[in-house]
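Engineer: Below: one structure in structure tokens.
Please treat every number below as a calculation from the coordinates, not as lab data. What you see is a predicted model, and the numbers here were worked out from it, not measured in a lab. A quick note on method: Cβ atoms are made from the backbone with ideal geometry, for glycine too, and the neighbour counts reach across all protein chains shown.
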């Protein structure tokens with residue numbers, strides 16, 4: 001096993017993924033920044049940020065809904081960065097729509113990106129950990145919507161409940177190999193995803209743009225919107241030595257919205 005630690009972060013070109021990639025780089029990881037091909041410019045900017053911190057980084061183009069892309073990304077991380085220790089299945093999409101209006105295509109799309117990708121990531125990482133003899137870490141994106149279903153977020157809530165279940169199952173199955181499997185559950189993060197949710201809620205309930213977001217932020221006990229860095233701190237914990245004895249958990253990082 002090599003001395004350098006290597007992490008692959010999906011959806012790392014912006015938002016929470018970027019925050020996670022930079023935090024893990026600060027923790028001493030070399031980073032494979034995975035994102036869609038059209039996000040390459042943003043992703044390469046993140047690579048440059050990581051290199052400026054004195055760590056190695058590569059960009060890997062990947063559509064996480066495709067198993068072959070995730071397998072190729074894991075292989076690239078291991079071969080180009082010299083090891084493989086952590087996968088962060090971060091990439092995901094949201095959808096704001098009444099349950100009665102969700103189309104078959106929309107349902108298939110959100111599950112392909114939010115759920116299938118987590119299964120594929122677990123499979124690819126577990127295989128690589130086994131190949132390298134590494135007791136690796138698998139960390140996936142859940143949500144407050146994995147603990148409580150939210151109106152107008154039916155498909156999204158369902159996809160995140162699925163991530164929670166998959167995390168529990170994978171943790172039990174992979175524990176004999178020393179692999180831990182956990183997930184982080186953000187609340188309202190100030191990224192493009194919540195801008196989209198606010199916009200769609202406005203169309204549905206007629207409230208002015210920004211009001212739905214403000215009302216949701218007002219419900220946070222700590223009194224402020226969440227940042228990608230808030231989320232990244234929890235991922236850092238799961239990826240580090242202080243979480244050696246933690247597996248199968250979905251940790252809320254929401255400023256005090258839900259209590260589990």
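Engineer: Rounded to the nearest 500, what is the 222 nm mean residue ellipticity of the chain from helices alone, with -39500 (n - 2.57) per DSSP H run of 4+ residues and division by all residues?
Structural biologist: After summing the helix terms and dividing by residue count, I get -14500 deg cm²/dmol.
Engineer: So how tilted is helix 40-52 from the main axis of the chain? Cα-based, degrees 0 to 90, rounded to 10.
Structural biologist: That helix lies at roughly 50 degrees to the long axis.
Engineer: Next question. Considering only C-alpha atoms, what is the centroid distance from segment 177-228 to segment 1-50, in Å?
Structural biologist: 23
Engineer: Now, a different point. How far is it, in nm, from the label point at residue 203 to the one at residue 41 when both lie 7 Å from their Cα along the line to the Cβ?
Structural biologist: For the pair residue 203/residue 41, the computed spacing is 2.5 nm.
Engineer: Compute the angle between helix 228-239 and the longest alpha-carbon principal axis of the chain, please, reported from 0 to 90 degrees and rounded to the nearest 10.
Structural biologist: Here the helix axis deviates by roughly 40 degrees.
Engineer: Using alpha carbons only, what's the Rg to Rh ratio of segment 86-203 with Rh from Kirkwood?
Structural biologist: Result for segment 86-203 is an Rg/Rh of 1.03.
Engineer: How big is segment 5-91 in terms of Cα radius of gyration and Dmax, in angstroms?
Structural biologist: According to the Cα coordinates of segment 5-91, Rg and Dmax are 11.0, 32 Å.
Engineer: When a footprinting reagent is the concern and you count Cβ atoms within 10 Å, what order do 140, 79 take, fewest first?
Structural biologist: Ascending Cβ contact count within 10 Å gives the list 79, 140.
Engineer: Taking every Cα atom in segment 90-147, find the radius of gyration and the maximum pairwise distance Dmax, and write them in Å.
Structural biologist: Rg then Dmax for segment 90-147, in Å: 14.8, 48.
Engineer: Hey, rough spin-label estimate for residue 211 and residue 242, points 7 angstrom out along Cα→Cβ, what's it come to in nanometres?
Structural biologist: If labels sit at residue 211 and residue 242, their model points lie 4.2 nm apart.
Engineer: Under the Kirkwood approximation for Rh and a Cα-based Rg, what ratio Rg/Rh is obtained for the chain?
Structural biologist: My calculation of the ratio gives 0.96.
Engineer: Roughly how far apart, in whole Å, are the Cα centres of segment 69-92 and segment 118-172?
Structural biologist: 16
Engineer: Share of Cα-Cα pairs in segment 1-54 beyond 15 Å, in percent?
Structural biologist: Cα-Cα pairs of segment 1-54 separated by over 15 Å account for 37 percent.
Engineer: I would also like to ask the following. Please determine, in degrees from 0 to 90 and to the nearest 10, the orientation of helix 117-132 with respect to the longest principal axis defined by the Cα atoms of the chain, where the helix direction is its Cα long axis.
Structural biologist: 10
Engineer: Which FRET efficiency, nearest 0.05, do residue 123 and residue 61 yield, Cβ-Cβ r, R0 22 Å?
Structural biologist: 0.65
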